[in-house]
Amino acid sequence: MRKLLVAPSLLACDFTRLAEEVKAVERAGADWLHLDVMDGHFVPNISFGPVIVEAVHRVATRPLDVQLMIEHPEQFVEAFLAAGTDHLTVHVESAGLRDPDRLREFLQQLRRRKIRAGLSLRPTTPAQALRPYLQDLDQILVMTVEPGFGGQAFLPEMVEKIRQCRAWFDGDLVVDGGINPRTATLVRAAGANVLVAGTAIFRQPHYEDAIAALRAAEPAPQ
Ligand code: DX5
């Protein structure tokens, strides 16, 4: 089973103290920093763009794991790479990457540029949608809530999708949405190894305890 990693989602942080929040979660044990980019079209919310990624990059020491919940990632990839993105995850449902050959080339171009390539699935998209791209991926992101907002309830029907993805893919399997110590145990047992969490970390008084509680999600030895 791949090493368990915790990736705080900065969407839930206090943006009036962004630099301090980044340093605080890194001190608390964050493995990656997850950045949720939203365009108000692919999802019914707007979050932030390259300028925030670049600001985080200036103070971060951990990899920036950027998820583009946007319709046209191909139009903004250069800006996000220039901002300091280390891992770039796009949605298989993005309007601009619907053509399989175009999506495959997009992923391969990231890897040529030493950027980890990831694909994400909305809850309603079957795992099968990823199969043509598995050899072009460093990571898969299974959304365990409908993308767009933090603080939503975990969708338990996603556990089966996680299990299915793990059966086909031995890279990093990321889950995002409603992840807390209880749901972390469920997704870990299904094969996920990277836990993205916003509320379960940034709404807790002590980030170190919050991250430790997520790490404790290791299922009992079989
Ligand atoms: C939804 C966002 C959230 C966020 C984590 O589009 O991607 O899932 O990262 O939110 P929490 O951990 O608060 O559910």
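Data for the structure
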| item | result |
| --- | --- |
| Accessible-area composition of the chain, carbon plus sulfur, in percent [1.4 Å probe] | 54 percent |
| Given charges at beta-carbon only (K, R positive; D, E negative), |dipole| of the chain in Debye | 520 debye |
| Solvent-accessible area per residue for the chain (1.4 angstrom probe, square angstrom) | 43 Å² |
| Region 127-222: GluC sites (Glu not before Pro) in DSSP coil with no more than 14 other Cβ atoms inside 10 Å | 157 |
| The chain: most fluctuating residue of 141, 33, 130 per GNM, C-alpha cutoff 10 Å | 130 |
| Ordering of 109-122, 55-68 by packing [mean C-beta count within 10 Å, highest first] | 55-68, 109-122 |
| Most mobile listed residue (54, 105, 26) in the chain, GNM with C-alpha springs under 10 Å | 105 |
| Computed [θ] at 222 nm, helices only, for the chain once each DSSP H run of length n ≥ 4 contributes -39500 (n - 2.57) | -10000 deg cm²/dmol |
| Positive dipole terminus of the chain, leading residue within 184, 109, 150 (C-beta point charges) | 184 |
| Pairs of Cα atoms farther than 22 Å apart, the chain, % | 46 percent |
| Part-to-part distance (alpha-carbon centres) for region 103-145 and region 159-220, which is given in Å | 19 Å |
| Aspartates and glutamates whose Cα lies under 16 Å from that of residue 161, excluding same-chain neighbours fewer than 8 positions away | 146, 170, 172, 176 |
| Packing rank of 95-103, 8-16, 43-51, where each peptide gets the mean count of other beta carbons within 10 Å, highest leading | 8-16, 43-51, 95-103 |
| Translational diffusion of region 79-139, µm² s⁻¹ [Kirkwood Rh, Cα pairs; Stokes-Einstein; 20 °C; 1.002 mPa s] | 181 µm²/s |
| Relative contact order computed over region 5-215 (Cα-Cα under 8 Å; 6+ residues apart), in percent | 20 percent |
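The values are calculated or read from the model by the stated rules, or taken from the named source; none is laboratory data. Since we're looking at a predicted model, the values are computed, not measured. In this analysis, Cβ positions are derived from the backbone assuming ideal geometry, glycine residues included, and neighbour counts consider all displayed protein chains. Remember, those area values only see protein heavy atoms, side chains included, never the ligands or the DNA or RNA. Shrake-Rupley method; radii C 1.70, N 1.55, O 1.52, S 1.80 Å.
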